[in-house]
């Protein structure tokens, strides 16, 4: 009897070791699109497909609705107008310190109602650590993978005629500056919806893997022949030379509530020279560790 008990104990240990050795990928069971089939008069969750690390400072989401709309992503929508850094806890509380990035091709379009593109959920992949969607109007595949304070974006351009990236720092006070020699943009957004947030700003930095063939800032609805602008609603447009179909523009972006210098430090610490694939792999592991 004693030998039998020892035998069963040994077998149990072996089975447990085998189970842990074959640790399941739990991220595949998470669907961030759950709860997005909502509207102001009927809630099915009032969520948006957040792309982030666990307990992140920043989250990212595709933006289907207008700037300032608490229902920033609705499942029934058919167009995306940007990929937005968000801190929104609920549509009723709305957002703060926001900005968005949107790739376009063909004719330059930077206004939010003009730059939007058709998309289909059939070509959309939504995971906590990764988001991808095909922008049909522009023949562009957009991908995002996050860190705690930063993210890496990958835009694959299917056309070779033109390639632009639009940065929108939203209204209620914003600033943008283009630094061509560093393939970089810096800026901040002071927008918020609740409370009295004195001296508040969300500072951001965006670096690109290619030089700018076109560079202009914009204020409200007007393109400016300048490298920086500050006012109610600032933005920037960057152009890139695309020589072959499928060519990728990589944008690495980080932010800080302290300063632009801190945003740059956050980008260096969390992304640095890492590839898109490396960042996604690390964030995927973070989620699996938490979910397990």
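The values are calculated or read from the model by the stated rules, or taken from the named source; none is laboratory data. Since we're looking at a predicted model, the values are computed, not measured. With ideal geometry, Cβ positions are generated from the backbone for all residues, glycine too; neighbour counts draw on all protein chains shown.
Can we say residue 171 is at pLDDT 95 or above, surrounded by fewer than 20 Cβ atoms within 10 Å (Cβ to Cβ) and part of a loop (DSSP other than H, G, I, E, B)? So residue 171 fits the description; yes.
The set of residues in the range 37-64 that are over 26 Å from residue 286 (Cβ atoms) and either surrounded by fewer than 18 Cβ atoms within 10 Å (Cβ to Cβ) or at pLDDT below 95 (or both) comprises 37, 38, 39, 40, 41, 42, 43, 44.
Within the span defined as the range 139-160, one or more residues are surrounded by fewer than 18 Cβ atoms within 10 Å (Cβ to Cβ), modelled with pLDDT under 95 and closer than 25 Å to residue 242 by Cβ.
Condition check for residue 69 on (1) buried (at least 16 other Cβ atoms within 10 Å of the Cβ); (2) closer than 26 Å to residue 232 by Cα; (3) touching a strand residue (DSSP E or B) at 6+ places or on another chain (Cβ under 9 Å): one failure, at (1). Cβ separations smaller than 9 Å between residues 6+ apart or across chains give the following pairs from the range 122-148 residues that are on the phi > 0 side of the Ramachandran plot to residues that are surrounded by fewer than 18 Cβ atoms within 10 Å (Cβ to Cβ): 139/106; 139/158; 139/159; 139/245. Selection of the range 271-292 for residues being in a helix (DSSP H, G or I), touching a residue at least 12 places away in the same chain (Cβ under 8 Å) and under 16 Å from the mean Cα position of the chain (by Cα) yields 276, 279, 280, 283, 284.
Taking the listed residues 85, 72, the one that is modelled with pLDDT of 95 or more, in a loop (DSSP other than H, G, I, E, B) and closer than 25 Å to residue 195 by Cα is 72, with no other qualifying. So which residues in the range 131-146 are farther than 17 Å from residue 248 by Cα and either assigned to a strand (DSSP E or B) or within 18 Å of the chain's Cα centre (by Cα) (or both)? Hit for the range 131-146 is 146, nothing else.
Pick from 268, 252, 230, 244: which is in a loop (DSSP other than H, G, I, E, B) and either touching a residue at least 40 places away in the same chain (Cβ under 8 Å) or surrounded by 13 or more Cβ atoms within 10 Å (Cβ to Cβ) (or both)? It would help to see each step written out before you state the result.
Values: 268 fails: in a loop (DSSP other than H, G, I, E, B); 252 fails: in a loop (DSSP other than H, G, I, E, B); 230 fails: in a loop (DSSP other than H, G, I, E, B).
Of the residues listed, the single one that is in a loop (DSSP other than H, G, I, E, B) and either touching a residue at least 40 places away in the same chain (Cβ under 8 Å) or surrounded by 13 or more Cβ atoms within 10 Å (Cβ to Cβ) (or both) is 244.
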